[in-house]
Structure formats: C-alpha cells, structure tokens
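The values are calculated or read from the model by the stated rules, or taken from the named source; none is laboratory data. Here the structure is a predicted model, which is why all the values come from computation and not from measurement. For neighbour counting, all protein chains shown are included, and Cβ atoms are generated from backbone atoms with ideal geometry for every residue, glycine included.
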Amino acid sequence: MRTLAVVNLKGGVGKTVSAANIAHILAVYHHKKVLLVDGDKQGSASRYFGVYGEQDGTAALLLDDTLDAEGVERVIYRTGCKGLDIITSNMELYAADRALFDRDDMDTARVLFGALDLVRNDYDFCIIDNGPAADTVTLNVLTAADDVLIPIRPDEFSFSGLLDLVEQVDAVRESVNPGLTLRGAFFTHWQNREPFKQARQSLEDSGICPVFQTAISYNPKVPESTLEEMPLCAFAPRSWAAIQYKKLTAEYLALTDLSKGKEG
Ligand SMILES: Nc1ncnc2c1ncn2[C@@H]1O[C@H](COP(=O)(O)OP(=O)(O)OP(=O)(O)O)[C@@H](O)[C@H]1O
Ligand SMILES: [Mg+2]
C-alpha cells in the first residue's frame, strides 16, 4: 500500500476535492484497491461520498493505539464506488487531536501509521485528506504518508505559507518518516490568465518544491459535484476538471512508477 497525503495549511484550496477525486480515479480507472482516509474534522471527504455520520472513524484510530486489524476494519466503510473504501471523520477528530496532544506516554506521531499498517495488504493506495491545520492529526498524517501533494489556489498564493508547509514536511522526514517524498504542488481553480501564469512561473523559479504540469481549471462542475455527493468522473465525466484530475493522477502514478502495478 502506498500512502498519499493531500495537504495544505490553508483552507479552501481544493484538498478534499483533490483527495476524493484522485482516490476515485485510482479505483475506477486504474483498478486499484483504494482506501480514502478523511483526516479533517469537517468531514467533507465523508460527505462527498454520502457517508458522513456518527459512526467511528479516523478519531477512533487515533484514540486507541491498541487496535488490532479487526478493530481498524470495523471503521472502514464501502463508498458505493467499486474498489474505493473510506474511513470517515466528524467532530470527534477535534477531541482526538486534543487527547493525543495531551498524552506523553506514547509516540503520538505514529498512531495513524500504526493503524493503517494493519490493513496495508488490503489496499494498493491510501489517500488521506487533511484539514487546514498544523495539529497533531496533521503530524500523524505526514508520518503515515509516503507521498505528499500540495494543492494551491493561484489567487491565494503565498510563498510564506507554502514555505512553512515544506519545512514541516522536511521536519517530519528528518524526525520520524525518512521515506516521505514531497511529490509537488499543483494548481487548482486555475485560469489561463497572465497573473496566474506569473504566479506559476515564480513558484517554479523559486525551487521551493516541484510543480505538476497538470493544473485543475476553475470549473463550476466541481462545487456542483460536491452538492450531488458524486465524484467528478461520475457526475461530469466530460468536464475539464474531471479530465484534468485524470491527467494529474496519471502524472502522480508516473512519478511513483506504480502505473505498471509494481507494488503490492
Ligand atoms: N477546480 C475547482 N473549480 C471550482 N471550484 C472548486 C475547484 N476545486 C475546489 N472548488 C471548490 O472550492 C471550495 C474548496 O474546495 P475544497 O473543499 O476541496 O478545499 P479544501 O482545501 O479541502 O478546504 P478545507 O481547508 O476547508 O478543507 C469548495 O467549495 C469546492 O467545491
Ligand atoms: Mg477539505
């Protein structure tokens, strides 16, 4: 199982839409077994697949570091999309974050990794949607991940916020997760206009992190798809955003060299 975290400390940049659609495309178009983990107390990824509720989810994994494989499987739900399962979140994740932060009797960064490791053989990919925060949950998400993708909105573009995030990824790599790879940033809400092109150019020139070739256009089908609780490739398969998310997923797969189905 390869674990991809979709992260940005900023809110509203497209983390959830990206994590959910990449997960859906890996399952449906690349025939991978995919586990989507909702790592945000807002529960948006869970809502996208119509499975937001009172059930135990990511918080339960973080609150109990003695769970066995059966305990983890108990919080995994089917999404209705073939090959795509989900661990949901709700406001319990806020309590879990606080409880974890207060504990000093265990390695609090590695709890999510430990839980997901128990179902490693059941999935090809685990995609984690993260909240807009730098909390203990985010630390756990980065510790559990192999790869990081950073969605960026060009109109809210900020080198300083991005630098903080890249530094956080570096710190996690150095302290707890040497295998963590920052695969790069990609633009969402993209429009082919001069100021945006300049923003992209300056990000590329800065060398802060790699930038994906594929950008996701600003497209009203995206918010509509969240209202309909349907991934883009199901709701509007011919929309630019659906096509671009397929391209972005292929670009990511090529980087990980898993497009050939190498890893079990
Ligand atoms: N390419 C796009 N075109 C138009 N709207 C988009 C696009 N991508 C995302 N959106 C919309 O932008 C808003 C933010 O997207 P999303 O919820 O994925 O961001 P987020 O980073 O997960 O936010 P949060 O930090 O609150 O979790 C949503 O209303 C979503 O529908
Ligand atoms: Mg979100």
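Test Leu26 against the criterion of being among the hydrophobic types (A, V, I, L, M, F, W, C), touching a residue at least 12 places away in the same chain (Cβ under 8 Å) and either part of a loop (DSSP other than H, G, I, E, B) or more than 17 Å from Tyr245 (Cα to Cα) (or both), and give yes or no. No. So, in the range 1-17, of the ones that are more than 8 Å from ligand 1 (Cβ to nearest atom) and in a loop (DSSP other than H, G, I, E, B), which residue ends up modelled with the lowest pLDDT? For the range 1-17, the residue satisfying everything is Leu9. Of all the listed residues (Val176, Val166, Val141), the sole one being closer than 29 Å to Lys32 by Cβ, crowded, with 21+ Cβ neighbours inside 10 Å and in contact (Cβ under 8 Å) with a residue 24 or more places away in the chain is Val141.
Restricting attention to the range 129-150, the residues that are within 13 Å of ligand 2 (Cβ to nearest atom) and within 15 Å of Gly179 (Cβ to Cβ) add up to 1. Which of the following residues is at pLDDT below 95 and acidic (Asp, Glu): Glu204, Glu229? Of Glu204, Glu229, the one residue that is at pLDDT below 95 and acidic (Asp, Glu) is Glu204. When we screen Lys41, Lys82 for residues that are in contact with a helix residue (DSSP H, G or I) (Cβ under 7 Å, 6 or more places away or on another chain), of a type in the set (Lys, Arg) and within 14 Å of ligand 1 (Cβ to nearest atom), the only hit is Lys41. Is it true that Pro151 is surrounded by fewer than 22 Cβ atoms within 10 Å (Cβ to Cβ), within 12 Å of the chain's Cα centre (by Cα) and not in a helix (DSSP H, G or I)? It is false that Pro151 is surrounded by fewer than 22 Cβ atoms within 10 Å (Cβ to Cβ), within 12 Å of the chain's Cα centre (by Cα) and not in a helix (DSSP H, G or I).
Put simply, of Leu118, Leu84 the only residue that is of a type in the set (A, V, I, L, M), in contact with a His (Cβ under 7 Å, 6 or more places away or on another chain) and at pLDDT 95 or above is Leu84. Do we have Val34 as within 16 Å of ligand 2 (Cβ to nearest atom), among the hydrophobic types (A, V, I, L, M, F, W, C) and within 24 Å of Ala242 (Cβ to Cβ) here? In short, no.
Residues that are in contact with a Leu (Cβ under 8 Å, 6 or more places away or on another chain) and part of a helix (DSSP H, G or I) within the range 96-111 comprise Ala96, Asp97, Ala99, Leu100, Val111, listed in sequence order.
The number of residues in the range 46-62 being free of Cβ contacts under 8 Å to residues at least 60 places away in the same chain and part of a loop (DSSP other than H, G, I, E, B) comes to 7.
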